[in-house]
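Working notes, structure below.
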């Protein structure tokens with residue numbers, strides 16, 4: 001069963017909101033830079049662990065920098081990995 005982009009986005013957004021914004025009603029824009037605004041370097045690691053466990057993909061070290069810059073980038077990265085799986 002193929003997971004839809006909207007499902008991926010909802011799960012990533014939900015994880016970020018609950019884990020780093022503590023359920024805040026603040027809107028999390030698709031293009032908002034995550035690092036420094038929503039998460040710190042430790043948060044990037046937590047996000048990567050979540051993504052790997054939830055979507056069953058492996059994130060290589062060289063894939064981290066640009067692919068986790070925003071919600072939009074993260075969703076696109078996960079979609080690409082799942083398509084190649």
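Nothing in this text is a laboratory measurement; each read-out follows from the coordinates by a stated rule. Please read all numbers here as calculations on a predicted model, not as lab measurements. All Cβ positions, glycine included, derive from the backbone under ideal geometry; neighbour counts span all protein chains shown.
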Considering residues of segment 1-20 that are more than 14 Å from the chain's Cα centre (by Cα) and free of Cβ contacts under 8 Å to residues at least 24 places away in the same chain only, the residue nearest to residue 73 (Cα to Cα): 4
For segment 60-75, name all the residues that are buried (at least 18 other Cβ atoms within 10 Å of the Cβ) and touching a strand residue (DSSP E or B) at 6+ places or on another chain (Cβ under 9 Å). 68
Here are some residues: 39, 57, 78, 48. Which one is surrounded by 15 or more Cβ atoms within 10 Å (Cβ to Cβ), out of contact with any helix residue (DSSP H, G or I) (no Cβ under 6 Å at 6 or more places or on another chain) and either within 19 Å of residue 4 (Cβ to Cβ) or touching a residue at least 12 places away in the same chain (Cβ under 8 Å) (or both)? 48
